């Protein structure tokens, strides 16, 4: 058995909610799940960044940002999208660090589709969700 410390495995990470519905503007808590540590070490997951493919403000008259927050290692995402687009896609970046300091990083996506059961289209992550 090797004495080294392997980092957690981020390749199987997924969001606790992949689709936010209904799109009524409520904040939804999204955790990063599905990560494992090959050595059985405990680990923590920290959200490091959140981006989106739609503007953060101005989709409606009363629409103001930010559309997301990072709180206690989880993402708080607004279940909202533009009325005339193809849905919103959030990209949530994260780092998982085990109790001995080894780490991995990755991202997951969460969408707010135009209609229930239809996929949102990622038009490119051009906007930082946590900025107004």
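The values are calculated or read from the model by the stated rules, or taken from the named source; none is laboratory data. All values derive from a computational prediction rather than experimental measurement. Every residue, glycine among them, receives a Cβ derived from its backbone with ideal geometry; neighbour counts consider all protein chains shown.
Yes or no, residue by residue, for (1) in a loop (DSSP other than H, G, I, E, B); (2) within 27 Å of residue 101 (Cβ to Cβ):
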position	(1), (2)
5	yes, yes
25	yes, no
39	yes, yes
44	no, yes
55	yes, no
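Give the residues of the stretch 86-110 that are surrounded by fewer than 16 Cβ atoms within 10 Å (Cβ to Cβ) and out of contact with any strand residue (DSSP E or B) (no Cβ under 8 Å at 6 or more places or on another chain), sorted by residue number.
100, 101
Here is a check on your reading of the model: is residue 34 farther than 30 Å from residue 62 by Cα and either more than 11 Å from the chain's Cα centre (by Cα) or touching a residue at least 60 places away in the same chain (Cβ under 8 Å) (or both)?
Yes, satisfied.
Taking only pairs six or more apart or across chains, which ones have beta-carbon atoms under 9 Å, a first residue in the stretch 2-27 that is on the phi > 0 side of the Ramachandran plot and surrounded by 10 or more Cβ atoms within 10 Å (Cβ to Cβ), and a second residue that is outside any loop (DSSP other than H, G, I, E, B) and modelled with pLDDT of 95 or more?
25/78
Within the stretch 91-110, does at least one residue satisfy the condition of being farther than 17 Å from residue 46 by Cα and modelled with pLDDT of 95 or more?
Within the stretch 91-110, none of the residues are farther than 17 Å from residue 46 by Cα and modelled with pLDDT of 95 or more.
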